[in-house]
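Heads up: the structure comes next, in structure tokens.
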Amino acid sequence: MNSMIPEQNTANLQSLDRENYLHPFTDSKALHAKGTRVVTGGEGVYIYDSEGNRILDGMAGLWCVNIGYGRDELADVAYEQMKQLAYYNSFFGTANVPAIELAAKIKQLAPANIGHVFFTGSGSESNDTNLRMVRHYWTQKGQPEKRIVISRNNAYHGSTMAGMSLGGMEFMHKQGGIIDGIEHIMQPHWYKESTAGESVEDFGLRAAKALEDKILELGAENVGAFIGEPIQGAGGVIVPPANYWPEIQRICKKYDLLIILDEVITGFGRTGNWFAAQTFDIEADMIPFAKGLSSGYLPIGGVAVSKRVADVLIEGGEFAHGYTYSGHPVAAAVAKANIDIIEREGMVDQVRDETGPYLQAKLAELADHPLVGQVRGMAMVGALELVQDKASRTPFDKDVEIAAKARDNAIASGLMVRAVGDCLIMSPPLCITKAEIDELITLLSQALDKAYAEVQ
Ligand code: PXG
């Protein structure tokens, strides 16, 4: 493993970066002042930077490197497929072997109501596809006015115009406005949004009822679908109350709404099943996925489409939608090999039965820390909500940037986690061992201690 590339001087790379490279989701001016961390290698659950630091990647890249870094097998598959057929389109009556095999494999792993798979290049593209599909579906059904999609505040569904609009991130909406026909309701975030003394169960029903209220306000004849992440990821790992999804499903059935279950983060094992639809027993009409499908080794995403919707699409003539890289043979071959590794190594079972519960138990111990107001998570995702006063759930002053402080401490000591508002969030590779989880928790706990000392 080449953990350091000595001839590539960090300062030179940072200077080139500063002069030429606009980064996604980045305050460029602040980054230019600080300099980019240049990541040069990865092995297992660790990444390496150009300064030779070894960092335990508690975020699996960006919620995606499920099988961990440095798997030669995927490189070999990509090499062979590129030599065999690097690219061909799937538009005009053609297909390629890896895409056909991958679609069949995904359908086999997906919930029983899934009929077909549509390929995209990313999670954002998958949600653009969903919006097009919802509207095409209802038009085919003779109800074109059923075009509104209801989402939740603080949802993340991507960064293209449709993804951003379907998402509920206000700071993103403010930078350009959202496209028409998308409405937002409250998020099922008990810790932040419950009223004094409101039980988790009562809150779960209230948060779901917001959907029914919105449908009635808009008229069910105008609403085509509801979209939600099973567990909100980028919003801060928000696990909804147990009664939330059953109630959402009841309401969607009652008013004939399609359910789009955004599994871009949760798909391919993260919640201890192949899909969170199985974990939460949700029957969805469209399941967008990306990230874990290829463990991030190559960009590929897609939408698993229910039989009910696929039948209409198949009967409805041409669906005038698709991407040059839909079903890209190299990406599809790598994704299939990634799934083979997850299966062969029993990673989903391991996450469900061993390492997932272990991570959650270890995180739960941090609830005693003076900074930790709430511990949230499931299987291989987790979050710590940091507060100034635990009893009253009073947050720190925004300027304190408590989670950013803790995150910076963590990174400096060799652990990569993300800060979202006042939360520290994590989503380690699914291959992480118990010993590596111990290391993660130790570094996390030290980072919290240090942040606590800083604000005393
Ligand atoms: N849906 C969900 C649920 C996601 O988490 C997307 C769609 C979009 O996927 P692409 O592949 O287009 O990025 C995502 C992506 C964060 C962060 O701040 C999370 C994502 C992307 C960027 C930042 O944690 N998730």
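The values are calculated or read from the model by the stated rules, or taken from the named source; none is laboratory data. In this text, all values refer to a predicted model and were calculated from it rather than measured experimentally. Quick reminder, even Gly has a Cβ in these numbers, built from the backbone with ideal geometry, and neighbours come from all protein chains shown. The accessibility values were calculated without ligands, DNA or RNA, using every heavy atom of the protein model including side chains. Shrake-Rupley method; radii C 1.70, N 1.55, O 1.52, S 1.80 Å.
For the range 74-344, give the percent of accessible area contributed by carbon and sulfur heavy atoms, probe 1.4 Å, rounded to a whole number. Don't jump to the answer; show the numbers that get you there.
Values: 5760 of 10670 Å².
Heavy-atom surface of the range 74-344 belonging to carbon and sulfur, 1.4 Å probe: 54 percent.
Which net charge results for the neighbourhood of Pro329, defined as the other residues with beta-carbon distances under 12 angstrom from its beta-carbon, given Lys and Arg at +1 and Asp and Glu at -1?
Charge balance in the 12 Å sphere: 0.
Can you give the FRET efficiency for Asn113 and Lys398, using 1/(1 + (r/R0)^6), R0 = 45 Å, r = Cβ-Cβ distance, to the nearest 0.05?
Values: r = 44 Å, r/R0 = 0.98.
In this case the efficiency is close to 0.55.
Å³ per residue of the Cα convex hull, for the chain? Could you put the intermediate results ahead of the total?
Details: hull volume 68.4 nm³, N = 456.
With only Cα atoms used, the chain gives 150 Å³ per residue.
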- Which of rounded, prolate, oblate describes the range 170-282, given a ≥ b ≥ c as roots of the alpha-carbon gyration tensor eigenvalues and a/c under 1.5 marking rounded, otherwise prolate only if a/b is larger than b/c? rounded
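What FRET efficiency, computed as 1/(1 + (r/R0)^6) with R0 = 60 Å and r the Cβ-Cβ distance, is obtained for Thr195 and Gln8, rounded to the nearest 0.05?
The calculated FRET efficiency here is 0.65.
Taking only protein heavy atoms and a 1.4 Å probe, what accessible area per residue, in Å², does the chain have with all protein chains in place?
Values: 19570 Å² over 456 residues.
Result: 43 Å² per residue.
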- Message: Need the full-extension length gain, Asp281 to Glu315, defined as separation in residues times 0.36 nm minus the C-alpha distance. One decimal, nm.
- Response: 9.4 nm
- Taking a threshold of 31 Å on the Cα-Cα distance, which of the pairs Lys192/Lys336; Lys214/Lys336; Lys105/Lys141; Lys174/Lys254; Lys209/Lys390; Lys174/Lys253 fall above it? Lys192/Lys336; Lys214/Lys336; Lys174/Lys254; Lys174/Lys253
- Alpha-carbon centroids, the range 230-273 and the range 275-326: separation in whole Å: 15
- Have a look at the DSSP beta bridges in the chain and tell me what percent are antiparallel, nearest 5. 70
- Message: Limiting things to C-alpha atoms, what are the Rg and the maximum Cα-Cα separation (Dmax) for the range 74-344, in angstroms?
- Response: 18.4, 63
- Message: Charges on Cβ only, +1 for Lys and Arg, -1 for Asp and Glu, centred on the Cα centroid of the chain; of Leu293, Gln446, Gly421, which one is farthest towards the dipole's positive end?
- Response: Leu293
- Task: Sort out for me the Cα centre separation of the range 378-414 from the range 61-97, rounded to whole Å.
- Result: 37
- Note on the structure: Where a ≥ b ≥ c are root eigenvalues of the Cα gyration tensor, a/c under 1.5 meaning rounded, otherwise prolate if a/b exceeds b/c and oblate otherwise, the range 268-320 counts as oblate
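Suppose every Lys and Arg Cβ carries +1 and every Asp and Glu Cβ carries -1, with no other charges. What dipole size does the chain come out with about its Cα centre, to the nearest 20 debye? Write down the numbers at each step before the final one.
On the way: 40 positive and 58 negative charges, 124 e Å.
Dipole size: approximately 600 debye.
Summing Lys, Arg as +1 and Asp, Glu as -1, what charge do residues with Cβ under 9 Å from the Cβ of Ala155 carry, Ala155 excluded? Each step should come with its number before you reach the end.
Numbers: positive: Arg152; negative: Glu229, Asp262.
Net local charge, Ala155 excluded: -1.
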- Message: Please report the carbon-and-sulfur percent of the accessible area for the range 400-456; probe 1.4 Å, protein heavy atoms only, DNA, RNA and ligands left out.
- Response: 50
- Computed lengthening from Arg344 to Asp408, 0.36 nm per intervening residue step minus Cα-Cα distance: 19.4 nm
